[in-house]
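Visitor: Quick one: structure below, then a few questions.
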Amino acid sequence: MTSTILGVINNETPSYDVVAKKNGYEIRRYNKLYLAQISYEVPLNTGFLSESGSGFFSLYGYISGYNETQTKMSMTAPVIIQETENDCSIKRTMSFIMSPTKFTSLDQIPIPNDKNIRIVEQTNSFDLACITFNMTMTTEKNAAKEKELREAAHRDEIQLSSNKNDIL
């Protein structure tokens, strides 16, 4: 099972079913999602928010109308960031979830003008252990909340993925 760490969310989120409510977190089941996704590289030891602007602003431009139909779309949550580290840099992939109430099929989603942005269909359902909190995300706070979630899941004998890319 993967896990997610969510701050306070005032944006549209994808629907999910609560599979189990635990002490301090819950297990959620998500179904099909559409993602706008961009990948970019940053130097090693770059903080969670330090260089994320390059991906964020490209995706934000896309949902603000920089697409073939000039369609403006609502911001959704969570923003998903995955990382792959090599010898000299980190490859980050940032994804915005496309509005599940506005887009129910892939062909409804506007084509990005930025050729670095891909539209991806996530068809398989998946379960996430989720913890929510009220604070701005930083690398340190993210690590502390991940530790808290992993300890709570371990206490409840729930096996979480050890892959750090499974922490959203």
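Visitor: Kindly list the number of the only condition in (1) among the acidic types (Asp, Glu); (2) more than 13 Å from Gln37 (Cα to Cα); (3) in a loop (DSSP other than H, G, I, E, B); (4) touching a residue at least 60 places away in the same chain (Cβ under 8 Å) that fails for Asp114.
Guide: For Asp114, the failing item is (2).
Visitor: Okay, moving on. Can you name every residue in segment 71-94 that is out of contact with any strand residue (DSSP E or B) (no Cβ under 7 Å at 6 or more places or on another chain) and either among the basic types (Lys, Arg) or in contact (Cβ under 8 Å) with a residue 24 or more places away in the chain (or both)?
Guide: Our first condition is that a residue be out of contact with any strand residue (DSSP E or B) (no Cβ under 7 Å at 6 or more places or on another chain); within segment 71-94, this holds for 71-73, 75, 77, 85-88.
Correct list: Thr71, Lys72, Met73, Met75, Ala77, Glu85, Cys88.
Visitor: Look at Lys21 and say whether it is at pLDDT 90 or above, under 28 Å from Leu160 (Cβ atoms) and not hydrophobic (A, V, I, L, M, F, W, C). Spell out the reasoning first.
Guide: On the way: at pLDDT 90 or above: yes; under 28 Å from Leu160 (Cβ atoms): yes; not hydrophobic (A, V, I, L, M, F, W, C): yes.
When the stated conditions are applied, Lys21 passes them.
Visitor: Among what's in segment 141-163 and is surrounded by 12 or more Cβ atoms within 10 Å (Cβ to Cβ) and either under 15 Å from the mean Cα position of the chain (by Cα) or at pLDDT below 85 (or both), pick the residue that is nearest to Ala20 (Cα to Cα).
Guide: To start, the set of residues in segment 141-163 that are surrounded by 12 or more Cβ atoms within 10 Å (Cβ to Cβ) comprises 141-146, 148-150, 152-153, 156, 158, 160-161.
Filter again for either under 15 Å from the mean Cα position of the chain (by Cα) or at pLDDT below 85 (or both), leaving 141-143, 145-146, 160-161.
On the way: Lys141: 25, Asn142: 23, Ala143: 24, Lys145: 19, Glu146: 19, Leu160: 14, Ser161: 18 Å.
Going through the qualifying residues, I end up with Leu160.
Visitor: Scan Ser125, Ser64, Ser89 and give me the residue that is among the small types (Gly, Ala, Ser) and touching a Pro at 6+ places or on another chain (Cβ under 9 Å).
Guide: None of the others qualify; the one that does is Ser89.
Visitor: Right, another one. Considering (1) modelled with pLDDT of 85 or more; (2) loosely packed, with under 14 Cβ neighbours inside 10 Å, say which one Thr138 fails and leave the rest.
Guide: Going through (1) modelled with pLDDT of 85 or more; (2) loosely packed, with under 14 Cβ neighbours inside 10 Å one by one, Thr138 breaks only (1).
Visitor: Would you check if there is a residue in segment 27-39 being among the small types (Gly, Ala, Ser), in contact with a Phe, Trp or Tyr (Cβ under 7 Å, 6 or more places away or on another chain) and surrounded by 13 or more Cβ atoms within 10 Å (Cβ to Cβ)? Reasoning before the result, please.
Guide: We begin by selecting, within segment 27-39, every residue among the small types (Gly, Ala, Ser); these are 36, 39.
Restricting the remaining residues to those that are in contact with a Phe, Trp or Tyr (Cβ under 7 Å, 6 or more places away or on another chain) gives 36.
Then keep just the ones that are surrounded by 13 or more Cβ atoms within 10 Å (Cβ to Cβ); that gives 36.
Yes, there is a match, as at least one residue in segment 27-39 is among the small types (Gly, Ala, Ser), in contact with a Phe, Trp or Tyr (Cβ under 7 Å, 6 or more places away or on another chain) and surrounded by 13 or more Cβ atoms within 10 Å (Cβ to Cβ).
Visitor: Further question on the same structure: Considering only residues that are aromatic (Phe, Trp, Tyr) and out of contact with any helix residue (DSSP H, G or I) (no Cβ under 7 Å at 6 or more places or on another chain), which ones fall in segment 66-118?
Guide: From segment 66-118, those aromatic (Phe, Trp, Tyr) are 66, 96, 103; that's our starting set.
Once the filter is applied, which keeps residues that are aromatic (Phe, Trp, Tyr) and out of contact with any helix residue (DSSP H, G or I) (no Cβ under 7 Å at 6 or more places or on another chain), segment 66-118 yields Tyr66, Phe103.
The values are calculated or read from the model by the stated rules, or taken from the named source; none is laboratory data. Note that this is a predicted model, so its numbers are computed, not measured. In this analysis, Cβ positions are derived from the backbone assuming ideal geometry, glycine residues included, and neighbour counts consider all displayed protein chains.
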